[in-house]
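Read-outs: derived from the displayed coordinates by stated rules, not from any lab. Values in this document were obtained by computation on a predicted structure and should not be read as measured data.
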Amino acid sequence: MRLFHNDILVVKEEGPDLTELGVGDELCSDSFPYKIHNEVWYKFTLEQRTDKDTGDYDIGANASQEEAAESVDSSEQTDLNAVLNHQLERNMTMGSKGELKKFIKTFYPALKKATARKNPDLSPEELEKRINKYQDGFKEMLADFSNCDFFTGKNMNQLGTHLFVRWEGVTPYAYLPIDGITEVKY
């Protein structure tokens, strides 16, 4: 199994420079069907799932009369399977196209640096072509903003790599930038 971890955190330094640091939040895994989209994005096919917690924690002992009278309310949580499996948090700060543009403007330079670092054998022209494919993906998200959701890892790093979910009809597809994550094999 491969897990995909956030690899970029944008940190503003004194002045206009940006640096990137590994963060390590788990964003998705290859347990979900996926393919490579436009050579630079992992595209996962997700599903809605409901998790139920009945509060019945059977430890193998017989309940006493007092315990039998006590009950725990059951709870239900419905979300995307990747969101539930990897404890992702919905990024509520990206509620408008303007906020998404602001995120891209901050995140994109760090993604460019990560792309150059992870692909040292590419010529400058090939590198620019690869980076432009990320731009195309972000343009698609902006054009279809009303059908998109954005998720961070459990540390809620608002400036790092996100799991971008785009609904196509009733099917949710999640996108991760290949150069913005680290793959961990188990």
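Please list, in order along the range 143-158, the HN-Hα scalar couplings obtained from phi with the Karplus expression 6.51 cos²θ - 1.76 cosθ + 1.60 (θ = phi - 60°), rounded to whole Hz, x for Gly and Pro.
5, 10, 3, 5, 9, 10, 10, 10, 10, 10, x, 5, 7, 6, 6, 5
For the pairs LYS52/LYS112; LYS102/LYS129; LYS52/LYS133; LYS52/LYS118; LYS35/LYS101; LYS35/LYS129, note any where the Cα-Cα span goes beyond 32 Å.
With Cα atoms farther than 32 Å apart: LYS52/LYS112; LYS52/LYS133; LYS52/LYS118.
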